[in-house]
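All remarks here apply to the structure that follows.
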Amino acid sequence: MIETTAALRDACETLARSEYLTIDTEFLRETTFWPELCLIQLAGPEIEVIVDPLAKGLDLAPFFELMGNSSVLKVFHAARQDIEIIVNRGDLIPHPIFDTQVAAMVCGFGDSVSYDQLVQKIKGVHIDKSSRFTDWSRRPLTEKQLEYALADVTHLRDVYLALKAKLDEAGRSLWLTEEMAVLESRDTYDLHPDDAWKRLKMRVKKPMELAVLQKVAAWREREARGRNVPRSRILKDDTIYEIAQQQPVDAEALARLRTIPKGWERSQSGAALLEAVNEALAIPKNDLPRLPRQNHVPEGAAAASEMLKVLLKIVAEKQGVAAKIIANSDDLEKIAIEGEAANVPALTGWRRDLFGDTALNLIGGKVALRFVDRKIEAVEL
């Protein structure tokens, strides 16, 4: 258990000489906007350590320097939340990275396979997950917690090596490189407050309602970040929908809303919220945001989409790749409606080679589906 900056520096210098390292974190997020980092686990081929970021006086600078070392591959499982912590605390994105969950999907282990399932399938080892939801901020940690935490990076070494061998053997290493580019993009983790409305379900039907929704969602995002509390502690989603529809312009109107707590309209937050609403209402009609375009589904598109789902399943099973990583239902619907013009990942890169071209040929009448020997197959006409 590393609790001093000097010990952390020594460990990171040792890990920096490795070709790869595995990494995991334990954190809490129930009462904060940003994850509260409670533990860091690191392992190289010959070393494994646990770092206590809550230790008094510990400087994480050596850790962030290691994360920025481009000569060492950083191996994660389901990397997004771990990388979000590193971006928030260290203002950098680890590079290069290898996500074993994504690699497992490329290698045919199913959609979004969990770490313990992957360890079970590759190593035949059962991981006790009973410590997963314990309070990682309390000290001292128990031996059971520490054993669980360390297992998240020690088994990951073998999982990584096994998946890397499968990717190399199948010639799919470059497929993973394309996927890692998304995880290494800062846009993946840095949602601008003005885009916060995109997280919400579209329950508005008028441009002015959308303008209010956008302004209020942006205000909530800034408040949540600035106060480091969950968005729902500032304002619940249902409240935003009601405000967008009712458009209260003063405290009296705000107090009449069903989702507003009694007295909240007179608070400082209530005043700031009303300011955001009135800012939206002041937007000239010609400058109001346009409602997201609702695709008109032409006759036959639904049937074509269903055929594409069957084709996707055929290709995924034949190639040993999780269907989810090739295309989702929205992608298939866009291909069915827009054809070649559809802006979806399934029509680019390795996905197009694997599935996209055949999908276009299917809806273009150049490929057919048939049932032979108790299985469905795609055949060129």
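The values are calculated or read from the model by the stated rules, or taken from the named source; none is laboratory data. Owing to the predicted nature of the structure, the values given are computational and were not obtained by experimental measurement. Ideal geometry is used to build each Cβ from the backbone, glycine not excepted, and the neighbour counts take in all protein chains shown. Side chains are part of the model used for accessible areas, which takes the heavy atoms of the whole protein and leaves out ligands, DNA and RNA. Shrake-Rupley method; radii C 1.70, N 1.55, O 1.52, S 1.80 Å.
Here the accessible area of the stretch 142-193 is 53 percent carbon and sulfur, with a 1.4 angstrom probe and all protein chains present.
What number, in percent, do you get for the relative contact order of the chain if the mean sequence gap of Cα pairs under 8 Å and at least 6 apart is divided by its residue count?
On the way: 523 pairs, mean separation 50.7, N = 381.
Contact order relative to length: 13 percent.
Please report the accessible area of residue 65 (heavy atoms, 1.4 Å probe, ligands and nucleic acids excluded) in Å², nearest 10. My reading of the accessible area for residue 65 is about 140 Å². The phi torsions of the stretch 167-183, fed into the Karplus equation with coefficients 6.51, -1.76 and 1.60 and a -60° offset, translate into couplings of 5, 4, 5, 8, x, 10, 4, 5, 4, 5, 4, 4, 5, 5, 4, 5, 5 Hz, rounded to whole numbers, with Gly and Pro shown as x. Between the amide H of residue 367 and those of 362, 381, distances stay under 5 Å, these residues lying 5 or more places away or on another chain, with hydrogens modeled in the peptide plane.
Shape class of the stretch 52-185 from the alpha-carbon gyration tensor: oblate, with a/c at 1.5 or above and b/c at least as large as a/b. Mind running the shape call on the stretch 193-282? Use the C-alpha gyration tensor, a ≥ b ≥ c as the square roots of the eigenvalues: rounded below 1.5 for a/c, prolate if a/b tops b/c, oblate otherwise. Since a/c stays below 1.5, the shape of the stretch 193-282 is classed as rounded. Phi angles across the stretch 15-22 convert, under the Karplus curve 6.51 cos²θ - 1.76 cosθ + 1.60 with θ = phi - 60°, into 3J(HN,Hα) values of 5, 5, 8, 8, 6, 8, 9, 9 Hz, Gly and Pro given as x.
Computed with the Debye formula from one identical point scatterer per Cα of the stretch 301-380, without solvent, the log10 of I(q)/I(0) at q = 0.25, 0.27 Å⁻¹ comes to -1.28, -1.49.
Run the helix sum for the chain: -39,500 (n - 2.57) per DSSP H stretch of 4+ residues, divided by residue count, reported at 222 nm to the nearest 500 deg cm²/dmol.
Details: 16 runs with 178 residues, N = 381.
Result for the chain, helices only: -14000 deg cm²/dmol.
Along the stretch 38-50 the Karplus relation, 6.51 cos²θ - 1.76 cosθ + 1.60 evaluated at θ = phi - 60°, assigns HN-Hα couplings of 10, 7, 10, 10, 9, 8, x, x, 10, 8, 9, 9, 10 Hz to successive residues, with x for each Gly and Pro. Amide H contacts of residue 73: 20, 21, each under 5 Å away and 5 or more positions distant or on a separate chain (H built 1.01 Å from N in the peptide plane; Pro and chain starts excluded).
Pairs of Cα atoms nearer than 8 Å and 6+ residues apart set the relative contact order; for the stretch 5-188 it is 23 percent.
DSSP loop trypsin sites (Lys or Arg not before Pro) in the stretch 126-224 with at most 15 other Cβ atoms within 10 Å of their Cβ, which ones?
Details: sites: 129, 132, 138, 144, 157, 164, 166, 172, 186, 198, 199, 201, 203, 205, 215, 220, 222; in loops: 129, 132, 138, 172, 201, 203, 205.
Hits after loop and neighbour filter: 129, 132, 138, 201, 203, 205.
In this view, the solvent-accessible surface of residue 208, computed with a 1.4 Å probe and all protein chains in place, comes to about 40 Å². Taking amide hydrogens as placed 1.01 Å from N in the peptide plane, the amide H of residue 2 sits under 5 Å from those of 50, 51, 52, each at least 5 positions away in sequence or on another chain.
Among the trypsin sites (Lys or Arg not before Pro) within the stretch 1-69, which fall in a DSSP loop and have no more than 14 other Cβ atoms within 10 Å of their own Cβ? Write down the numbers at each step before the final one.
Working: sites: 9, 17, 29, 56; in loops: 17, 29, 56.
Answer in residue order: 17, 29, 56.
Does the stretch 245-288 come out rounded, prolate or oblate, given a ≥ b ≥ c as the square roots of the eigenvalues of its C-alpha gyration tensor, rounded meaning a/c under 1.5 and, failing that, prolate meaning a/b above b/c? Walk me through the intermediate numbers first.
Values: a/c = 3.31, a/b = 1.99, b/c = 1.66.
Taking the square roots of the gyration eigenvalues as a ≥ b ≥ c, the stretch 245-288 is prolate.
Our summary gives the stretch 193-282 a relative contact order of 32 percent, counting only alpha carbon pairs under 8 angstrom and 6 or more residues apart.
In the chain, what percentage of the DSSP-assigned beta bridges are antiparallel, given to the nearest 5? Provide the component values of the computation, followed by the final result.
On the way: 17 of 24 bridges.
In the chain, DSSP labels about 70 percent of beta bridges as antiparallel.
Length gained on full extension, residue 198 to residue 340, computed as 0.36 nm times the residue gap minus the Cα-Cα distance: 48.5 nm. In this structure the stretch 59-188 gives 47 Å² per residue of accessible area when probed at 1.4 Å with all protein chains present.
Sorted by average packing, counted as other Cβ atoms within 10 angstrom per residue and highest first, what order do 73-79, 46-52 take? Spell out each step's value before the answer.
On the way: 73-79: 22.3, 46-52: 17.3.
Packing proxy ranking, top to bottom: 73-79, 46-52.
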